[in-house]
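Asks: Dropping a structure here in structure tokens format, bear with me for questions.
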Amino acid sequence: MNRTNRRWLVFAPVLLVVGAGAQAAASAPPGTEAATPSEPAAPTALEEPAPRLVVSDGVAGRVEVIDLLSGQSVGAPIETGGVSTLYTDGRFVFATASDDNAVTVVDGGSWVEEHGDHVHAFATEPSVVGTIEGPSPVHTVANDDHVLVFFDGDGTIAAINTDELPESGAEPELTIVTAGPHHGVAVAIDGHLVVSVPGPTAEDLPTGVEIRHGAEEVEAEFPEDCPEMHGEAAFEDGVLFACDDGALWVSRGEGGWTAEKVAWPAAATGEARTWSFAHTHGVPLVAGVAGDGLVTVDVHTGTATRFESPGDVLALAVAEGGSALLAVTRDGVAHLIDSASGEVTATAPLVTAVAEDVASYSPESPKITIDESRAYVSDPATGTVVEVVTSDGLRTARTFDLDVAPASLVIVGSGS
């Protein structure tokens, strides 16, 4: 993460828009207890990165932090106020609890700073930075030194400048108001905001995007270019959205903003299209479940490819720098798949089989996060996370016994 303190270019130094829906808060949403912010300890400079695994509890509102060098927990689980899905910018973790109308920002306590051809690594104790309240937060996206939280309930967006954390206490740098409540998303790129355009009603999925320079100035519009939009992946040079008729690549070139459609393969359309993307930071390939198959999109070549699925895939990740996919099927088996040919190159029984009535997004379903040639797969039934080496035939390296029922997991402090 390059901490250059980018700000939205159109504004003066004070950028908080007052009076919109999302706000930093010390009080809890109704029915929950807010996480209590704590003063972080002074950071320690390290000789090498010290990645940590952050895991949310699928039963209670808390997260556990594991030091991946020692394999030990870093302190006691941290209360977050509600069962949450985790997102990260590489240091800070955004515990997004949609049902509890809150996002708790946790300092994972390990990070790297880029300095030319090397990085400097730091560590401190994990701590709660603050809480952002708003109705039904779902999509939380980290990109361009910002994290954008979209609140479906009122269509507002909270923009958090991660360069100002933890000092800002999670107070939004900017709040953006869209056309109205909808299941939307917003992504920061190149000092701009790519914001979903709602469909005819709040129950409809978005139909396209608009590019804003700040809270109100619309610089470009593609309002009908992505019907039934659901699923996104953010890159330094563009954003990919999953649409009914293909994947929409939105980027900015010398001639301005463009939106280019990558058509879905024939067997990956309609109800068999993908509705979400698996994406590993720095890799130009994304993947998704498409009916009874898998689909990949290469944003550099603008091509989409479909493969047969090895089974009922509940968790999917892009591994080995994009040369492989890692899929976990309902029977608990992990499959390593060549992303060019679709060939399954390794399999391994890994986690507990999942009941037929459990959806992939459920806390009871396994989840995957990737760090270079290691993958971390949750097993909610046993309260463990399994570390496998994707470069060595899915060899199990370690199994972590947790104090939480693992539901969502991310890595902070990695040098990759």
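Condition check ((1) among the aliphatic types (A, V, I, L, M); (2) buried (at least 21 other Cβ atoms within 10 Å of the Cβ)) across all residues:
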residue	(1), (2)
ALA42	yes, no
SER56	no, yes
GLU64	no, yes
GLY75	no, no
ILE78	yes, yes
VAL83	yes, yes
ALA97	yes, yes
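Asks: Report, by residue number, each residue of region 338-356 that is touching an Asp or Glu at 6+ places or on another chain (Cβ under 9 Å), closer than 18 Å to VAL389 by Cα and among the β-branched types (Val, Ile, Thr).
Replies: Passing the criteria: VAL344, THR345, VAL351.
Asks: Now a separate question. Can you list residue pairs whose Cβ atoms sit under 7 Å apart, with the first residue in region 380-406 being in the same structural domain as LYS367 (by TED's automatic domain parsing) and the second being modelled with pLDDT under 95 and among the polar types (S, T, N, Q)? Count only pairs 6 or more apart in sequence or on different chains.
Replies: Listed pairs, sorted by first residue: VAL389/SER373; THR390/SER373; SER391/SER373.
Asks: Within the set of pairs 6+ apart or on separate chains, which have a first residue in region 125-149 that is free of Cβ contacts under 8 Å to residues at least 40 places away in the same chain, a second that is charged (D, E, K, R), and C-beta atoms under 8 Å apart?
Replies: SER136/ASP152
Asks: Show the residue pairs meeting these rules: Cβ distance below 7 Å; 6+ apart or different chains; first residue within region 280-297 and closer than 24 Å to ARG330 by Cβ and touching a residue at least 60 places away in the same chain (Cβ under 8 Å); second residue β-branched (Val, Ile, Thr) and crowded, with 19+ Cβ neighbours inside 10 Å.
Replies: THR280/VAL318; THR280/ILE370; VAL289/THR274; VAL289/VAL313
One line per residue, one yes/no per condition, for (1) surrounded by 23 or more Cβ atoms within 10 Å (Cβ to Cβ); (2) assigned by TED's automatic domain parsing to the domain that holds GLU133; (3) under 26 Å from VAL283 (Cβ atoms):
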site: PHE151; (1), (2), (3): yes, yes, no
site: SER168; (1), (2), (3): no, yes, no
site: GLU171; (1), (2), (3): no, yes, no
site: HIS192; (1), (2), (3): no, no, yes
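Asks: Would you point out the residue of region 339-366, among those that are touching a Phe, Trp or Tyr at 6+ places or on another chain (Cβ under 9 Å) and surrounded by 15 or more Cβ atoms within 10 Å (Cβ to Cβ), that is farthest from SER84 (Cα to Cα)?
Replies: Initial filter on region 339-366 (touching a Phe, Trp or Tyr at 6+ places or on another chain (Cβ under 9 Å)): 339, 341-343.
Next, from what is left, pick out any that are surrounded by 15 or more Cβ atoms within 10 Å (Cβ to Cβ): 339, 342.
On the way: SER339: 31, GLY342: 33 Å.
So, considering only residues that are touching a Phe, Trp or Tyr at 6+ places or on another chain (Cβ under 9 Å) and surrounded by 15 or more Cβ atoms within 10 Å (Cβ to Cβ), the one farthest from SER84 (Cα to Cα) is GLY342.
Asks: Out of all the residues in region 307-316, is one or more assigned to a strand (DSSP E or B) and within 14 Å of THR280 (Cβ to Cβ)?
Replies: Here is the first cut: in region 307-316, the ones assigned to a strand (DSSP E or B) are 307-308, 313-316.
From the residues that got through so far, the ones that are within 14 Å of THR280 (Cβ to Cβ) too are 315-316.
Yes, region 307-316 contains at least one residue that is assigned to a strand (DSSP E or B) and within 14 Å of THR280 (Cβ to Cβ).
The values are calculated or read from the model by the stated rules, or taken from the named source; none is laboratory data. All of these numbers come straight from a predicted model, not from anything done at the bench. Reconstructed Cβ throughout: ideal geometry from the backbone, glycine too, with neighbour counts over all protein chains shown.
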